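Right, one structure below, let's go through it.
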Amino acid sequence: MARKKIGLIGAGNIGGELANLLAQKQLGDVVLFDIPAKENFAKGKALDLEQASALSGSDCRISGTANWADLAGADVLIITAGIPRKPGQSRDDLVGTNLPIIRDVADNAKKHCPDAFVIVISNPLDAMVYEYKRRVGAPREKVVGMAGVLDSARFSLFLARETGASIKDIRTMVLGGHGDDMVPVLSYCTISGIPITQLLGKDVLDGIVKRTRGGGGEIVGLMGTSAYYAPAISAVAMAEAYLLDQKRVLPCAAYLEGEYGYKDLYMGVPVVIGAGGVEKIVSIELNAEEKAMLAKSADSVQKVVDIVKAKS
Ligand SMILES: NC(=O)c1ccc[n+]([C@@H]2O[C@H](COP(=O)([O-])OP(=O)(O)OC[C@H]3O[C@@H](n4cnc5c(N)ncnc54)[C@H](O)[C@@H]3O)[C@@H](O)[C@H]2O)c1
């Protein structure tokens, strides 16, 4: 059986780490795509990573290109094209710059690799994945946004550090939009099945929720640009679930058609990812406070989507 082909649209910080992880896991051959001005950069990154395979033992090929024809037949596309945040910026501040970029990517992807399972990472995430799906006209099974896996990973880390528990035993779920009012759903967070609310007091949990919501901004403040290691491994978990038909339940931005009371909107909800792409949106019960937080988050996402629609 031929190796799968994985296209990475954007060969920047996240794109490079994605290529590294995908090759080390031997999930498929990787094509690192960037704009013509960065073609040599993409080629150089690909060559550096291929040379690493002499030590990692990966047989996967990694190439760099600025030619969409090289993406033909891709099984998976992971999109990071666009600019990241700088200190003081919100994700929503990126909409003006990243909207024409996601449109350009969508038009080319539709032409060159219409059958790929697509994971969008570019910010503002929920609006960018919405616009990608709308522009390509792809079914919702094939287009998903990465945010909840990352936000949940951040939440898990802070809980592990607070409790001293192993990160392996922590299960968290962060739903809603990928913004400052994302919804860490405490009623579904456990340490080996023990509800976190039985282990930590309200004040401590409130502090951890606040740090999780600002988790991306904390890193932008420290580094001057967005995080990339944790975002990359989060998207790889989603790609792996698709490529290996794992049927994993992961919090992802999915296109809602009435689930949770929302329609024609992308937002973070628990989904099953397997060979069929987004095979199912799992509806879980939320308490009144969680529902109210989700409504607030959905409202924020809708405002950015409205900006996108107005620029049609
Ligand atoms: N969803 C999330 O959880 C999450 C987390 C972190 C970062 N992000 C977002 O991911 C995006 C990428 O972040 P990064 O740190 O890799 O940025 P980066 O600047 O390092 O890389 C982005 C790359 O996209 C390329 N690009 C621009 N226009 C393009 C086009 N039309 N076609 C192809 N490539 C194009 C740029 O040349 C650049 O190399 C940003 O928008 C950032 O905000 C999202």
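The values are calculated or read from the model by the stated rules, or taken from the named source; none is laboratory data. Quick caveat: nothing in here was measured; it's all calculated off a predicted structure. Every residue, glycine among them, receives a Cβ derived from its backbone with ideal geometry; neighbour counts consider all protein chains shown. Side chains included, ligands, DNA and RNA excluded: accessible areas come from the protein's heavy atoms. Shrake-Rupley method; radii C 1.70, N 1.55, O 1.52, S 1.80 Å.
Only one of the numbered conditions (1) touching a residue at least 24 places away in the same chain (Cβ under 8 Å); (2) within 27 Å of residue 141 (Cα to Cα); (3) in a loop (DSSP other than H, G, I, E, B) is violated by residue 23, and that is (3).
What do you reckon, is residue 74 in a helix (DSSP H, G or I), over 15 Å from residue 123 (Cα atoms) and either among the aromatic types (Phe, Trp, Tyr) or away from the ligand (no atom under 12 Å from the Cβ) (or both)? Judged against the criteria, residue 74 is not a match. Residue-level check: of (1) under 17 Å from the mean Cα position of the chain (by Cα); (2) farther than 28 Å from residue 140 by Cα, residue 191 misses just (1). Summed over region 275-311, the residues that are of a type outside the set (Gly, Ala, Ser) and closer than 24 Å to residue 134 by Cα give a count of 18. For region 176-228, the tally of residues that are among the hydroxyl-bearing types (Ser, Thr, Tyr), open to solvent by less than 40 Å² (accessible area, probe 1.4 Å) and not in a loop (DSSP other than H, G, I, E, B) stands at 2.
Filtered by the rule that a residue be within 14 Å of residue 4 (Cβ to Cβ) and surrounded by fewer than 20 Cβ atoms within 10 Å (Cβ to Cβ), region 24-36 gives 25, 26.
Taken together, 167, 101, 119 contain a single residue that is open to solvent by less than 10 Å² (accessible area, probe 1.4 Å) and either free of Cβ contacts under 8 Å to residues at least 60 places away in the same chain or within 28 Å of residue 290 (Cα to Cα) (or both), which is 119. For residue 242, the conditions (1) away from the ligand (no atom under 16 Å from the Cβ); (2) without any contact (Cβ under 8 Å) to a residue 12 or more places away in the chain; (3) assigned to a helix (DSSP H, G or I) all hold with the exception of (2).
Identification of strands (runs of 3 or more DSSP E) wholly contained in region 247-301 with 1 or more residues that are surrounded by fewer than 18 Cβ atoms within 10 Å (Cβ to Cβ) and more than 19 Å from the chain's Cα centre (by Cα) yields 248-257, 263-274.
Here's the yes/no breakdown for (1) within 17 Å of the chain's Cα centre (by Cα); (2) among the small types (Gly, Ala, Ser); (3) within 12 Å of the ligand (Cβ to nearest atom):
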residue	(1), (2), (3)
80	yes, no, yes
83	yes, no, yes
100	no, no, yes
113	no, no, no
117	yes, no, no
120	yes, no, yes
130	yes, no, no
139	no, no, no
150	yes, no, yes
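For residue 88, the conditions (1) part of a helix (DSSP H, G or I); (2) farther than 20 Å from residue 265 by Cα all hold with the exception of (1). In the condition set (1) more than 15 Å from the ligand (Cβ to nearest atom); (2) part of a strand (DSSP E or B), residue 64 is compliant with all but (1). Being near the ligand (Cβ under 10 Å from one of its atoms) and crowded, with 24+ Cβ neighbours inside 10 Å, is that true of even one residue in region 37-58? Checking region 37-58: at least one residue is near the ligand (Cβ under 10 Å from one of its atoms) and crowded, with 24+ Cβ neighbours inside 10 Å.
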